[in-house]
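Here is the structure we will look at, set down as structure tokens.
The values are calculated or read from the model by the stated rules, or taken from the named source; none is laboratory data. The model shown is predicted, which means the values in this text are computed figures rather than measured ones. Using ideal geometry, Cβ is built from the backbone for each residue, glycine included, and neighbour counts are taken over all protein chains shown. These area figures cover heavy atoms from the full protein model, side chains too; ligands, DNA and RNA do not enter into them. Shrake-Rupley method; radii C 1.70, N 1.55, O 1.52, S 1.80 Å.
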Amino acid sequence: MEKGQLFYSKTICFTGEIGCDKKEASILIARCGGRVHPSVTSKLDILVIGPNPCGGESGKLKKAKEYNQKGKANIELMDAEQFIALCELIEKR
């Protein structure tokens, strides 16, 4: 892993439908220096948010917002469309 990589040293979690295969996205994140975690913790760096098939906010999103509001974490909330666009840029390199 190189420090210049997009997701270098970042821990990322997915919630909702992100518009691509999560396993493939996980592989791409690993190639870019990051790792995927299955749940939201105070050590999470990025939560990728897609539409919740059940409607409303997911439990992961609620937890991330709570951590941020209480000052326990600084989790970036990234829209799934933004994440897909970044992945497409990475794939073109």
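Where a ≥ b ≥ c are the square roots of the eigenvalues of the C-alpha gyration tensor, would you call the chain rounded, which needs a/c under 1.5, or, failing that, prolate if a/b is larger than b/c, or oblate?
In terms of gyration-tensor shape, oblate.
Against the longest alpha carbon principal axis of the chain, how many degrees, from 0 to 90 and to the nearest 10, is the axis of helix 59-69 turned?
The angle comes out near 80 degrees.
How large is the dipole of the chain about the Cα centre if only Lys and Arg carry +1 and Asp and Glu carry -1, each at its Cβ, rounded to the nearest 20 debye?
Charge dipole, the chain, about its Cα centre: 460 debye, nearest 20.
Can you tell me the FRET efficiency between GLU66 and GLU17 if r is taken as the Cβ-Cβ distance and R0 is 25 Å, rounded to the nearest 0.05?
After rounding to 0.05, the efficiency reads 0.65.
Taking the Cα-to-Cβ direction at GLN5 and at GLU88 and moving 7 Å from each Cα, how far apart do the two end points lie in nm?
2.4
Mind checking the full-extension length gain between CYS54 and GLU24? Use 0.36 nm per residue of separation minus the Cα-Cα distance, one decimal, nm.
Going from the current span to full extension adds 8.5 nm.
Could you tell me what percent of the accessible area of the chain is made up of carbon and sulfur, with a 1.4 Å probe and every protein chain present?
Of all accessible area on the chain, carbon and sulfur atoms account for 49 percent.
Can you tell me the accessible area per residue over the chain, all protein chains present, probe 1.4 angstrom, in square angstrom?
Result: 64 Å² per residue.
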